[in-house]
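Accompanying notes for the structure given below.
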Amino acid sequence: RKEVEQDPGPFNVPEGATVAFNCTYSNSASQSFFWYRQDCRKEPKLLMSVYSSGNEDGRFTAQLNRASQYISLLIRDSKLSDSATYLCVVNPGNQFYFGTGTSLTVIP
Amino acid sequence: GAVVSQHPSWVICKSGTSVKIECRSLDFQATTMFWYRQFPKQSLMLMATSNEGSKATYEQGVEKDKFLINHASLTLSTLTVTSAHPEDSSFYICSAARTSYEQYFGPGTRLTVT
């Protein structure tokens with residue numbers, strides 16, 4: 001079983017839409033969770049960390065469900081500039097495990 | 001803060017030659033650096049974990065004699081692709097861990113082997 005699993009998409013949504021991505025992880029001892037954004041041919045950039053209580057940063061909301069071992073990312077009011085691949089990252093303490101990424105395209 | 005650089009950003013080499021890629025943490029010390037490879041339309045694949053002053057830990061299926069990693073200081077790790085072949089053409093990205101739970105990526109090196 002993979003450490004981290006994500007739906008690769010692609011997700012094609014109209015501008016202004018709300019879109020949600022989920023990611024599941026296999027190691028129940030995992031302590032740190034992140035969402036990264038990767039644009040084509042660029043390195044991943046940290047979008048936000050995911051805290052147990054859930055956290056919000058502008059149009060982005062991340063949530064963690066330890067019981068079901070999944071994390072989610074919600075993007076509200078999608079912008080064209082949100083088009084990218086979103087990577088779920090889990091750290092059980094000594095290494096970072098990446099999901100395969102979910103591709104998002106926001107359409108005008 | 002937390003800037004990681006990589007050099008070169010793009011390299012084209014002939015089959016059989018060796019290529020060295022440098023990864024530097026510019027404004028913090030990183031006891032651990034990670035090397036990843038990414039093929040088109042695929043996710044990052046961890047190649048090895050590099051700890052300062054010790055041998056790198058390679059992931060299963062990654063040849064340690066082909067991908068030589070040296071982490072000589074707290075701010076520099078190098079990856080040398082020895083006797084490169086066209087199938088080694090890829091996007092190589094390093095990251096540096098500032099703490100156990102924070103990592104910052106370099107901009108990547110695009111390697112093309114002809």
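The values are calculated or read from the model by the stated rules, or taken from the named source; none is laboratory data. Model, not experiment: these values are computed from the prediction. Cβ coordinates were reconstructed from backbone atoms using ideal geometry, including for glycine residues, and neighbour counts include every protein chain displayed. SASA here: full protein model, heavy atoms, side chains in, ligands and nucleic acids out. Shrake-Rupley method; radii C 1.70, N 1.55, O 1.52, S 1.80 Å.
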Taking the criterion of being assigned to a strand (DSSP E or B) and among the aromatic types (Phe, Trp, Tyr), would at least one residue in the range B:19-33 satisfy it? no
Condition set within 13 Å of the chain's Cα centre (by Cα) and surrounded by 13 or more Cβ atoms within 10 Å (Cβ to Cβ), scope the range B:9-22, selection nearest to B:Ala72 (Cα to Cα): answer is B:Glu22
If you go through A:Ser49, A:Ser32, the only one that is under 10 Å from the mean Cα position of the chain (by Cα), at the interface with chain B (Cβ under 10 Å from one of its Cβ atoms), hydroxyl-bearing (Ser, Thr, Tyr) and within 22 Å of B:Ala97 (Cβ to Cβ) is A:Ser49
By residue number, the members of the range B:59-74 that are open to solvent by 50 Å² or more (accessible area, probe 1.4 Å), of a type outside the set (A, V, I, L, M) and in a strand (DSSP E or B) are B:Asn70
Contact list, first residue from the range A:19-34 and over 14 Å from A:Leu64 (Cβ atoms), second anywhere and charged (D, E, K, R) and outside any strand (DSSP E or B), beta-carbon distance below 6 Å, six or more apart or interchain, is A:Ser26/A:Arg1; A:Ser26/A:Glu3
Per the filter on the range B:41-58, residues among the hydroxyl-bearing types (Ser, Thr, Tyr) and either within 16 Å of A:Glu3 (Cα to Cα) or assigned to a strand (DSSP E or B) (or both) are B:Ser43, B:Thr49, B:Ser50, B:Thr57, B:Tyr58
Considering residues that are open to solvent by 60 Å² or more (accessible area, probe 1.4 Å), closer than 18 Å to A:Pro10 by Cβ and in a loop (DSSP other than H, G, I, E, B), the number found within the range A:63-99 is 1
Across (1) open to solvent by 80 Å² or more (accessible area, probe 1.4 Å); (2) farther than 30 Å from A:Gly9 by Cβ, B:Pro40 clears everything bar (2)
